[in-house]
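Report on the following structure.
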Amino acid sequence: MANNGRRSVKAKKGPTIGTGGHGRKALEGKGPTPKAEDRPYHKAHKSKQLAERSAAKRGTGARSAGAARSGPKGRATEEVVTGRNSVVEALRAGIPAKALHIAIRIEMDDRVKESLKIAAERGIPLLETGKPELDRMTEDAVHQGLVLQIPPYEYQDAYDLAEETVERWKKGHVSNAPLFVALDGITDPRNLGAIIRSVSAFSGHGVIVPERRSVGVTASAWKTSAGAAVRVPVARAANLNSALKQFKNMGIFVLGLDGDGDVSLPDLTLATEPVCIVVGSEGKGLSRLVRENCDQIVSIPIDSAMESLNASMAVGISLYEISRQRSAK
């Protein structure tokens, strides 16, 4: 067949004009399938919302005895004492209280009657509360129809407390030289309560606790102090080592308690000076940096068969010796 003298020319392959990526989004997937609880139309989503609302309501109450609820910067904000024995003991010890919650139609016994009597004498509000609300307040702890609501402890600032005490002593408003006890790594509230009690017994001026990784003034500490927490201020230090350095700049001698001390307690010559005793935990003792910031490490002579003393016991013995030397002066 004639082609009219024309030659067919095939198109030469080469770059062609593309879409410029305009269709890329159409090819992309929509990502992983959301969880059932995150799909607004799903039944699990409603269950999640109800659980969150319930948790938010529980958060407005307080936790069970010995467990402080955290607020801004991890500070304890509120606490409750639960159970008939615990509540009556707390009231006997004079622990500050915001309110005494009593279950509706509670079965009366001697503990309940005494709790009501003490609360009425101290002017503590009595609130008749339903069991579901008591369960929420205590996070389902065993409360036996009695819940004592404790206000947050108002800590002083460690530097302010020391400065104020030193100034009062210099002006003659305080007869004894400033005497403090600082806690390094102690987390048992009963130890804190016993130490507060010893500080009160031997005319100390305050207890210093670090802001983090340390015990605070809980209901358990209040009870162990046997009311001494009302008389002895507990101050917080954002950083214990910084606070100890500030104390030294004020003229307060920092004495660490440890079994391998530089000086034995009976040979202590700084007892009549302004002093801050630092005690560590039973297991770890004083931390390295705290040891470095101590003017002296003091040891208490004990029987070689005994490995160490309880922190509160060590503080009590040390305070007694300091008090004895000050009285003999």
> For the stretch 109-131, does any single residue satisfy the condition of being touching a strand residue (DSSP E or B) at 6+ places or on another chain (Cβ under 8 Å) and in contact (Cβ under 8 Å) with a residue 40 or more places away in the chain?
Replying inline: no
>> Within the stretch 82-94, take every residue that is hydrophobic (A, V, I, L, M, F, W, C) and either in contact with a Leu (Cβ under 6 Å, 6 or more places away or on another chain) or part of a loop (DSSP other than H, G, I, E, B) (or both) and give me the one that is surrounded by the fewest Cβ atoms within 10 Å (Cβ to Cβ).
In response: Ala93
> Which residues, taken from the stretch 263-275, are of a type in the set (Asp, Glu) and either in contact (Cβ under 8 Å) with a residue 60 or more places away in the chain or touching a Cys at 6+ places or on another chain (Cβ under 9 Å) (or both)?
Replying inline: Glu273
> Do you know which residues across the stretch 95-124 are under 20 Å from Trp222 (Cα atoms), open to solvent by 30 Å² or more (accessible area, probe 1.4 Å) and outside any helix (DSSP H, G or I)?
Replying inline: Pro96, Lys98, Gly123
> In the stretch 179-186, is there at least one residue being buried (at least 19 other Cβ atoms within 10 Å of the Cβ) and more than 30 Å from Gly283 (Cα to Cα)?
Replying inline: no
> So which residues in the stretch 199-219 are surrounded by fewer than 23 Cβ atoms within 10 Å (Cβ to Cβ), touching a residue at least 40 places away in the same chain (Cβ under 8 Å) and over 11 Å from the mean Cα position of the chain (by Cα)?
Replying inline: Ala201, Phe202, Ser203, Gly206
>> Among the numbered criteria (1) open to solvent by 70 Å² or more (accessible area, probe 1.4 Å); (2) in contact (Cβ under 8 Å) with a residue 60 or more places away in the chain, which one does Tyr155 miss?
In response: (1)
> Quick one: would you say Ser312 is of a type in the set (Ser, Thr, Tyr) and assigned to a helix (DSSP H, G or I)?
Replying inline: yes
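The values are calculated or read from the model by the stated rules, or taken from the named source; none is laboratory data. Remember, it's a predicted structure, so these values are computed and weren't measured experimentally. For neighbour counting, all protein chains shown are included, and Cβ atoms are generated from backbone atoms with ideal geometry for every residue, glycine included. In case anyone asks, the SASA skips ligands and DNA or RNA and just uses the protein heavy atoms, side chains included. Shrake-Rupley method; radii C 1.70, N 1.55, O 1.52, S 1.80 Å.
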